[in-house]
Amino acid sequence: MQALAYKQRPRPFSGEVLFALTDDALIVDNGRKQETIALSDIVALRLTFGYRNVGTEVYMARIRRMNGRTVTLSNLNWKGYVDYDAQNKGYAIFVRELALKIAKANPHALFEGGRPALAYLVTAIVGLTALSGFAAATIWGLMRGNWLLATMGVIFMFPFGKQVHGMLTRNKPLLFKPNEPPPALLPAEA
């Protein structure tokens with residue numbers, strides 16, 4: 001039985017984690033402990049999108065088991081405190097295959113995309129409120145001739161606006177079919 005594998009260092013200075021997918025199990029090996037999770041015990045797979053800093057897009061898959069425990073993997077492989085690789089192709093292939101095998105092993109599993117509804121609402125409120133604050137500071141600075149305040153408002157408003165836009169457009173709560181994961185929640189495989 002051939003296993004599909006995906007390796008990732010999930011955080012700076014953490015050990016590498018190996019995820020291996022067989023026909024009936026997901027094997028998670030962090031170097032200290034190896035755990036075999038039966039695919040039939042997985043009740044949900046949630047795909048989300050986020051940012052780690054101003055320009056680093058991160059795609060995450062969270063696997064929830066019957067006992068409530070979760071396992072998370074992402075497309076980022078950290079090499080050090082600031083150095084990382086985006087393993088977009090390997091991650092996308094692994095997650096697509098994982099979804100199909102979970103559906104085969106447990107037809108009742110949920111395939112969720114985006115953030116839970118309450119978390120999505122809080123993200124929208126906080127993000128739009130902060131953007132409004134940056135816009136107000138910019139306008140206030142322009143009206144008062146305070147060019148430093150206006151410039152700072154613009155400097156913060158545009159990158160933060162891009163992040164808020166990405167979080168709100170890609171993380172809408174949804175259910176998806178395991179053979180059709182949402183393209184917005186998986187990186188391009190190029």
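The values are calculated or read from the model by the stated rules, or taken from the named source; none is laboratory data. All of these numbers come straight from a predicted model, not from anything done at the bench. Cβ placement follows ideal geometry from the backbone for every residue including glycine, while neighbour counts extend to all protein chains displayed. Accessible surface areas use protein heavy atoms only, side chains included; no ligands, DNA or RNA. Shrake-Rupley method; radii C 1.70, N 1.55, O 1.52, S 1.80 Å.
In the neighborhood of THR56, defined by Cβ-to-Cβ distances under 15 Å, what is the net charge if each Lys or Arg adds +1 and each Asp or Glu adds -1?
Numbers: positive: ARG9, ARG11, ARG52, LYS79, LYS162, ARG170; negative: GLU57, ASP83, ASP85.
Here the count lands on +3.
Of all the accessible heavy-atom surface of the chain, with the other protein chains kept in place and a 1.4 Å probe, what percent is carbon and sulfur? Write out the running numbers ahead of the final one.
Numbers: 6560 of 10850 Å².
Solvent-exposed carbon and sulfur of the chain make up 60 percent of the total.
Using a Gaussian network model on the chain with a 10 Å cutoff between Cα atoms, which of LEU175, LEU39, LEU76 fluctuates the most?
LEU175
Could you report region 38-161's accessible area per residue, 1.4 Å probe, as an integer in Å²? Please list the in-between numbers first.
On the way: 6740 Å² over 124 residues.
I get 54 Å² per residue for this part.
Which of LEU26, LEU168, LEU128 moves most in a GNM of the chain, Cα contacts under 10 Å?
Between LEU26, LEU168, LEU128, it is LEU128 that shows the largest mean-square fluctuation.
With both partners inside region 5-127, how many of the DSSP beta bridges are antiparallel, as a percent to the nearest 5?
Numbers: 30 of 34 bridges.
Antiparallel bridges make up about 90 percent of those DSSP assigns within region 5-127.
Only sites in a loop by DSSP and with at most 13 other Cβ atoms within 10 Å count here; which trypsin sites (Lys or Arg not before Pro) in region 61-150 make the cut? All intermediate terms of the calculation are to be shown ahead of the outcome.
Numbers: sites: ARG62, ARG64, ARG65, ARG69, LYS79, LYS89, ARG96, LYS101, LYS104, ARG144; in loops: ARG69, LYS79.
Counting only loop positions with at most 13 other Cβ atoms within 10 Å, the trypsin sites (Lys or Arg not before Pro) in region 61-150 are ARG69, LYS79.
More than 21 Å apart: what percent of Cα pairs in region 70-136 qualify?
On the way: 1209 of 2211 pairs.
The proportion of pairs with Cα distances above 21 Å equals 55 percent.
In what order, largest first, do VAL122, VAL54, VAL154 sit by accessible area if the probe radius is 1.4 Å?
So the residues, ranked largest to smallest area, are VAL54, VAL122, VAL154.
Which of the listed residues, ALA92, TYR6, SER74, is farthest toward the dipole's positive end in region 1-123, when Lys, Arg count +1 and Asp, Glu count -1 at the beta-carbon?
Value computed over the given set: SER74.
Run lengths n ≥ 4 of DSSP H only: what is the helix-derived mean residue ellipticity at 222 nm for the chain, with -39500 (n - 2.57) per run over all residues, to the nearest 500?
Working: 3 runs with 70 residues, N = 190.
Mean residue ellipticity, 222 nm, calculated: -13000 deg cm²/dmol.
Which whole number in µm²/s is D for region 132-190 by Stokes-Einstein, with the Kirkwood Rh taken over Cα pairs at 4 °C and 1.567 mPa s?
Details: Rh = 13.9 Å.
It comes out at roughly 93 µm²/s.
What is the calculated FRET efficiency for ARG11 to LEU118, with r their C-beta to C-beta distance and R₀ = 22 Å, to the nearest 0.05?
Details: r = 26 Å, r/R0 = 1.19.
Once the sixth-power term is evaluated, E becomes 0.25.
Mean shadow of region 5-101, computed from the convex hull of its alpha carbons, in nm²?
Working: hull surface 24.4 nm².
Quarter of the Cα hull surface area: 6.1 nm².
Taking amide H positions as placed in the peptide plane 1.01 Å from N, state which residues far from LEU110 in sequence (5 or more) or on other chains have amide H under 5 Å from it.
Close amide H contacts, sequence-distant or interchain: ALA44, LEU45.
Along each of its three principal axes, how wide is the spread of alpha-carbon positions in region 85-124, in whole angstrom units, largest first?
Computed over the Cα atoms, the extents are 34, 33, 8 Å.
What percentage of all Cα-Cα pairs in the chain are separated by more than 31 Å? Spell out each step's value before the answer.
Values: 4957 of 17955 pairs.
Above the 31 Å cut-off, the chain has 28 percent of its Cα pairs.
Determine, from the Cβ-Cβ distance of PHE158 and ASP23 and an R0 of 45 Å, the FRET efficiency 1/(1 + (r/R0)^6), rounded to the nearest 0.05.
Computed FRET efficiency for PHE158 and ASP23: 0.40.
Mind putting a number on the dipole of the chain about its Cα centre? Charges go on the C-beta only, +1 for Lys and Arg and -1 for Asp and Glu, and I need it in Debye to the nearest 20.
Numbers: 22 positive and 13 negative charges, 74 e Å.
My answer is approximately 360 debye.
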